[in-house]
1. Out of region 202-230, which residues are assigned to a loop (DSSP other than H, G, I, E, B) and either in contact with a Cys (Cβ under 9 Å, 6 or more places away or on another chain) or at negative phi (or both)?
2. Restricting the search to region 50-93, which residues are surrounded by 15 or more Cβ atoms within 10 Å (Cβ to Cβ) and of a type in the set (D, E, K, R)?
3. For the subset of region 33-67 comprising residues that are hydroxyl-bearing (Ser, Thr, Tyr) and in contact with an Asp or Glu (Cβ under 7 Å, 6 or more places away or on another chain), which member is modelled with the lowest pLDDT?
4. Just need a number here: residues in region 198-213 that are out of contact with any Leu (no Cβ under 8 Å at 6 or more places or on another chain) and farther than 13 Å from Arg157 by Cβ.
Amino acid sequence: MLTIIHGSDTAASRKYFLDEKQHSPDALLLDADKVNLTDLAQIFEGGGLFGESKYIFIELLITKKKKSSDFVDIITYLENHADEHTIYLWENKDLDIGTLKSFKKAVQRPFKLPQTLFVLLDSLKPGNGQQLVKLFHQTIESAETEMVFFMLIRQFRLLLALSQTGESEIEELKRMAPWQRTKLEKQASLFTHEELLHIYQQLYKVEAGQKTGGLSAPMTSVIDFLLLEI
């Protein structure tokens, strides 16, 4: 069986990939940069017991090999051996329909972030603490708290960057679609630059405390307090 693990919830998809690897006998983790038909043939058709099933795990094969000349041949080869062997491909993003259609026999295992997370991010504004806490707890019912915290940091980093007139623009803003940027600019205008800087500094302190074990309360409670203070 060939399984493609992908989606916006990279924490959950990564955990699933590693759990499957841990529970697979003699699992082989292959380097996507070095995967080629010769090595795959050696793995699937080389020495070993006749009919022995292999467990193959490859990270970012599609991302790293999609533009290579042998990509289609590699995918075809993997699919041709998927009935006798177990193959997992992990990607750290959502794969588009066109890419997924290039696989004829693969099973998809998508991991998507809950819609409430994006509602939470869009609802970040002064004086909206109670609603933010409610959305936060709805979101962590189906997403890791650490992932939600990471997205909060990212959102305020973007808002802070937009509030800094005259500063060089960060790369993430340069790559953003016009409608996304306009939406963020409108949200950033709800805060003063000083407010955004203070919130970002608080997030940084929480992140540092999480890494060093110095938080005075559970992570969810700390985020609750932070959201209420916005």
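The values are calculated or read from the model by the stated rules, or taken from the named source; none is laboratory data. Just so we're clear, the structure is a prediction, and the values are computed from it rather than from any experiment. Here the Cβ is made from the backbone with ideal geometry for all residues, glycine too, and neighbour counts use every protein chain on show.
1. Our first condition is that a residue be assigned to a loop (DSSP other than H, G, I, E, B); within region 202-230, this holds for 213-218, 229-230.
Within region 202-230, Gly214, Leu215, Ser216, Ala217, Pro218, Glu229, Ile230 meet the criteria.
2. Answer for region 50-93, where residues must be surrounded by 15 or more Cβ atoms within 10 Å (Cβ to Cβ) and of a type in the set (D, E, K, R): Lys54, Glu59, Lys64, Lys65, Glu79, Glu91.
3. Filtering region 33-67 for residues that are hydroxyl-bearing (Ser, Thr, Tyr) and in contact with an Asp or Glu (Cβ under 7 Å, 6 or more places away or on another chain), the one modelled with the lowest pLDDT comes out as Ser53.
4. Step one: of region 198-213, the residues out of contact with any Leu (no Cβ under 8 Å at 6 or more places or on another chain) are 198, 201, 204-205, 207-208, 210-213.
If we keep only those that are farther than 13 Å from Arg157 by Cβ too, we end up with 198, 205, 208, 210-213.
Qualifying residue count, region 198-213: 7.
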